[in-house]
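The values are calculated or read from the model by the stated rules, or taken from the named source; none is laboratory data. Keep in mind the model is a prediction, meaning the values are calculated, not measured. A quick note on method: Cβ atoms are made from the backbone with ideal geometry, for glycine too, and the neighbour counts reach across all protein chains shown. We work out accessible area using only protein heavy atoms, side chains counted, and drop any ligands, DNA or RNA first. Shrake-Rupley method; radii C 1.70, N 1.55, O 1.52, S 1.80 Å.
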Amino acid sequence: MEREVEVAVIGAGQAGLAAAHSLRRYFEPESGFVVFDHNPGPGGAWQHRWPTLTFKTVNRVYQLPDMAVPEPDEDTPVADVIPGYFAEYERAFDLRVQRPVSVEAVRSLPDKRLAVETDRGTWTARALINATGTWERPFWPRYPGQEAFGGRQLHTAQYRGPEEFEGKRVIVVGGGISGIQHLMEIAPLAAETHWVTRRPPEWREGEFDSEYGREVVAKVEERVRRGLRPRSVISVTGLPLSPEVRAAREAGVLDRLPMFDRIEPDGARWEDGRFVEADTIIWATGFRASLDHLAPLKLRGPRGGIAMDGTRVAADPRIHLVGYGPSASTIGANRAGRTAVREIRELLAT
Ligand SMILES: Cc1cc2nc3c(=O)[nH]c(=O)nc-3n(C[C@H](O)[C@H](O)[C@H](O)COP(=O)(O)OP(=O)(O)OC[C@H]3O[C@@H](n4cnc5c(N)ncnc54)[C@H](O)[C@@H]3O)c2cc1C
């Protein structure tokens, strides 16, 4: 197998496949570019999403470039369809994803190539497109007493649907869409549910049109340009008020409590003495970018993030991050893949 390539892509989710599709127009698979993914099969993070995340409850999955995404019955779980669609995509465009291959570290070599160290050996490349998503880095905040909690704690990444919470007293922590979806599913079965968030939720009326979409992306882009950690798109957009969400609010399912101060063995305690008994805490507290394998490149700046110029790492034009910050959506990932390949071709031509 050829171990020297022009471009290496890490990750075969929406962002990695969109980039690979653009690369395929200019480079041969395996000798010109290579795509690594450590999941056992196609589908990126979609293959792990819970069964009640259906085409109705998901926001919208945009198609990959040049192949329509299936539009099944809206009650179909996304995880049942998208992996097959990605598999077909990889076949149709001959992308030859190497899997399961884990990239463990990327290092800069003295000759300016990059060494991509994997559990199947090392490849070298002149440029890198990192598309490793966030799913594998669930974020769990820490609160006093958390280790002594006598019930069960889980993260959104481990949520498999509402049935297992029947008759339970559940606290859901987190002000994003996942948190409200968990509450809306669990509340009809649970003995009690409580919603706890750091900031009061910001509800958003009206359509999420493309102009508003552009404004949102610009806000996240501004953060990463300044070298700050990207915020989730939802923290900028606010929570969309669908008819289902309105009904849940009216039913009191989305009455929000401020963040508790400590966790006790049988519930959560606030400074003012309030106590809520619970046997389950669900941390719907989001994800962080999976970038540990890039640590040897020392890309992070003093403000905790990686300063970016579009998809390019400002300090190292060989490296592009796609599906990161402003492009962490299926439509953003498509655009980012194209941009990264255009800039890398310019770089390699110099
Ligand atoms: C619950 C949920 C619902 C969402 N709903 C929507 C929606 O409706 N619409 C929308 O546009 N966006 C949605 N998003 C966001 C959307 O999922 C992502 O923006 C997009 O799908 C992520 O694609 P990706 O390619 O960046 O990452 P992923 O799909 O996570 O793919 C990354 C791939 O990289 C691989 N990888 C990671 N690290 C390594 C490594 N070191 N070596 C090798 N391979 C590695 C992983 O195995 C994985 O296959 C949602 C996110 C969540 C969590």
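Based on DSSP H assignment, which helices of the chain show an axial Cα extent of at least 18 Å together with a mean Kyte-Doolittle hydropathy greater than or equal to -0.5? Passing helices, by number: 78-92, 330-349. Rounded to 0.05, the FRET efficiency of the TYR212 and MET259 pair, given R0 = 35 Å and the Cβ-Cβ distance, is 0.75.
The residues of the range 29-137 present an accessible area of 46 Å² per residue when probed at 1.4 Å with all protein chains retained. The gain in end-to-end length when the ALA148 to ARG288 segment is fully stretched comes to 47.9 nm, 0.36 nm per residue minus the alpha carbon separation. Summing charges over neighbours of ALA307, with a neighbour being any other residue whose Cβ is under 13 Å away from its Cβ, gives +4 when K and R count +1 and D and E count -1.
Maximal additional length on extending the SER108-SER232 stretch stands at 41.7 nm, based on 0.36 nm per residue less the C-alpha distance. Taking only the Cα atoms of the range 128-209, the ratio Rg/Rh comes out at 1.02, with Rh defined as the Kirkwood radius. Using a probe of 1.4 angstrom and keeping all protein chains present, the accessible surface of the range 194-299 works out to 57 square angstrom per residue. Of the GluC sites (Glu not before Pro) in the range 248-279, the ones in a loop by DSSP (not H, G, I, E or B) with at most 11 other beta carbons within 10 Å are GLU271. Expressed as a fraction of 2.2 N^0.38 Å, the value expected for a compact globular protein of N residues, the C-alpha radius of gyration of the range 253-293 is 1.56. The DSSP beta bridges internal to the chain are antiparallel in roughly 40% of cases.
Using the per-residue mean of other Cβ atoms lying within 10 Å as a proxy for protection, in what order, highest first, do the peptides 210-221, 92-103 fall?
Result, highest mean Cβ count within 10 Å first: 92-103, 210-221.
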